[in-house]
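This report concerns only the one structure given below.
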């Protein structure tokens, strides 16, 4: 069979596997619902930081809003994420050669633990940077130096997640002592930053950007860290391994980017974020070893094939008792039957008086977007998501509200999970200053006169 046809078949299988994994993943992660709602808001003309709170630069939300102009649907949002992951395959092919199937197999296994959205976009740009770092020097269009392009992509990492972008920039700069290389990288990086600064100034959102993405970080770190945990211990072991490899081969630039990628999991040392670091370290290791012989290559393809089959079977079993949610914009989202009943009841109640109902629960993005309602600061009331002194700011907002009903998850009031990031102070203020009027499942309706 023609090699090109085989390659196209491989890409098609890869796309299908990514679709299955991401479909499962984005049906259960709250970050995805929130970022879909941010993209929905941008598509409808709302301005990040001014009209709604977001704690990262808005590049991911802007990119994902593009497809929503064609069809505003959560399914389109999933397809866009699959395409983003599919673009990564080209760069993995170039970086790994015939070692790629080992990486694909491990990636698919770890994908079940990945926290998609802006983290994956940052990861994608880091992979592109490593691709250019491993290429010989060249000039794009005979004018733009390779290191300027690398600087541009470091800027894009910054616009995906600013904390990672800063760390990647620093680690990239310390990996070279050549002044020309450093200057060219800084030129590319500053070009991206300048364009973003112009956007912030034109949208009058510069100070709110600083408030939510920088000042709010201190609150986020204080309330959402898990420094004493197995995850933190794993992080230190990964840090030690990266430092060891940098000292062993100071000319290997890849491990400097692995060093910068440690910021993926600061301050939350959970398995979602640690998986990105593990994948980048594994990528660095595979790049540094020789190509596989024919037998090992065939074994790696078999390994990847078995992983694909296993994931397909597990995904089928996982979705066996799931049904389509079947509300506007979420028609093709699969949820457990009990959850479908609950969401539809909440949605039905919300429709009756949506202008007077404030949703302060994780279902807020679903209920707001499916009813074409604007996104506001109540969309995400987690610690660290409300900027400097955000708790008092939101409490003052609530004080000035009248004839409003707040939907709260009673489980977060009486039996809050340890890992939940919901702002307890805001929830407590609502409960103490309102009257509970009804329940739907574990969700309470609290009326404020």
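No lab work stands behind these numbers, since they all come straight from the coordinates. Being a predicted model, the structure only gives us computed values, none of them experimental. A quick note on method: Cβ atoms are made from the backbone with ideal geometry, for glycine too, and the neighbour counts reach across all protein chains shown.
Here are labelled values, (i) 4, 17, 23, 24, 19, 10, 3, 1, 0; (ii) 4, 20, 28, 23, 15, 8, 2, 0; (iii) 4, 19, 29, 27, 15, 6, 1, 0, and one is the computed P(r) over Cα pairs in 10 Å bins from 0, in percent for what I pasted. Which one?
Read-out taken from this structure: (iii).
What FRET efficiency would be calculated for the residue pair residue 98, residue 271, taking the C-beta separation as r and a Förster radius of 25 Å, to the nearest 0.05? Mind dumping the intermediate values first?
Numbers: r = 30 Å, r/R0 = 1.19.
Efficiency, from the Cβ-Cβ distance: 0.25.
Set the Förster radius R0 to 41 Å, insert the Cβ-Cβ distance between residue 322 and residue 448 as r into 1/(1 + (r/R0)^6), and round the FRET efficiency to 0.05. Intermediate results must be reported in sequence, preceding the final value.
Values: r = 36 Å, r/R0 = 0.88.
FRET efficiency, residue 322 to residue 448: 0.70.
Could you check the spin-label model distance between residue 31 and residue 299? Points 7 Å from the Cα along Cα→Cβ, value in nm.
About 3.4 nm separates the two model spin labels.
Which residues in region 140-157 place their backbone N less than 17 Å from a point set 7 Å from the Cα of residue 91 along the Cα-to-Cβ direction?
Within reach of a label on residue 91: 146-157.
Have a look at 264, 282, 189 and tell me which one the Gaussian network model of the chain (Cα, springs below 10 Å) gives the largest fluctuation.
282
What distance in nm separates the simple spin-label points at residue 247 and residue 348, each placed 7 Å from Cα in the Cβ direction?
Here the answer is 6.6 nm between the modelled labels.
Percent antiparallel among DSSP beta bridges with both residues in the chain, to the nearest 5? Could the numbers behind the result be given before it?
Working: 17 of 21 bridges.
Within the chain, antiparallel bridges account for around 80 percent of the total.
Among rounded, prolate and oblate, which fits region 82-138 when a ≥ b ≥ c are the square roots of the eigenvalues of its C-alpha gyration tensor, a/c under 1.5 means rounded, and a/b larger than b/c means prolate? Can you show the working numbers first?
Values: a/c = 2.38, a/b = 1.35, b/c = 1.76.
It is oblate, given that a/c is not under 1.5 and a/b is not larger than b/c.
As I understand it, the value is the acute angle between the Cα axis of helix 146-160 and the longest principal axis of the Cα atoms of the chain; what does it come to in degrees, rounded to 10?
Between helix and principal axis, roughly 20 degrees.
Taking only C-alpha pairs under 8 Å that are 6+ residues apart, what is the relative contact order of region 307-427 in percent? Walk me through the numbers on the way to the answer.
Values: 97 pairs, mean separation 25.9, N = 121.
Result for region 307-427 is 21 percent.
According to a simple spin-label model (label point 7 Å from Cα along Cα-to-Cβ), what is the distance in nm between residue 62 and residue 338?
Those two pseudo-labels are separated by 4.3 nm.
Over all pairs of distinct alpha carbons, what does the Kirkwood formula give as the hydrodynamic radius of region 336-448, in Å? Intermediate values should be presented prior to the final figure.
Working: mean 1/r = 0.0695 Å⁻¹.
14.4 Å is the Kirkwood radius here.
On a C-alpha basis, how far is the centre of region 276-314 from the centre of region 152-178 in Å? Whole number, if you could?
Region 276-314 and region 152-178 have Cα centres separated by 28 Å.
What angle, in degrees between 0 and 90 and rounded to the nearest 10, separates the Cα long axis of helix 294-318 from the longest principal axis of the Cα atoms of the chain?
Result, in degrees: 10.
Springs between alpha-carbon pairs under 10 angstrom, Gaussian network model over the chain: which of 47, 210, 70 fluctuates most?
Comparing 47, 210, 70 in a Gaussian network model of the chain, the most mobile one is 70.
Any chance you could run the full-extension gain for residue 47 through residue 199? It's 0.36 nm times the residue separation minus the Cα-Cα distance, nm to one decimal. Kindly include the intermediate steps, with their values, before the conclusion.
Numbers: separation 152, 0.36 × 152 = 54.72 nm, distance 1.07 nm.
Fully extending the segment from residue 47 to residue 199 adds 53.6 nm.
Taking only Cα atoms, what is the 0 to 90° angle, nearest 10, from helix 390-399's long axis to the longest principal axis of the chain?
It works out to around 20 degrees.
What fraction of the DSSP beta bridges in region 336-448 is antiparallel, stated in percent and rounded to the nearest 5?
On the way: 12 of 15 bridges.
Here the antiparallel bridges make up roughly 80 percent for region 336-448.
Want the number for residue 170 to residue 290: 0.36 nm per residue separation, take away the alpha-carbon distance, what's left? Walk me through the numbers on the way to the answer.
On the way: separation 120, 0.36 × 120 = 43.20 nm, distance 2.93 nm.
Going from the current span to full extension adds 40.3 nm.
Stretched out fully, how many nm does the piece from residue 432 to residue 69 gain, at 0.36 nm a residue minus the Cα gap?
Working: separation 363, 0.36 × 363 = 130.68 nm, distance 4.20 nm.
Gain on stretching residue 432 to residue 69: 126.5 nm.
What ranking do 95-106, 316-327 get when scored by the average of other Cβ atoms within 10 Å per residue, highest first? Numbers along the way, then the final one.
Working: 95-106: 19.7, 316-327: 13.3.
Output ranking for 95-106, 316-327: 95-106, 316-327.
Post the alpha-carbon centroid distance, region 340-355 to region 76-148, in whole angstrom.
First find each Cα centre; the distance between them is then 41 Å.
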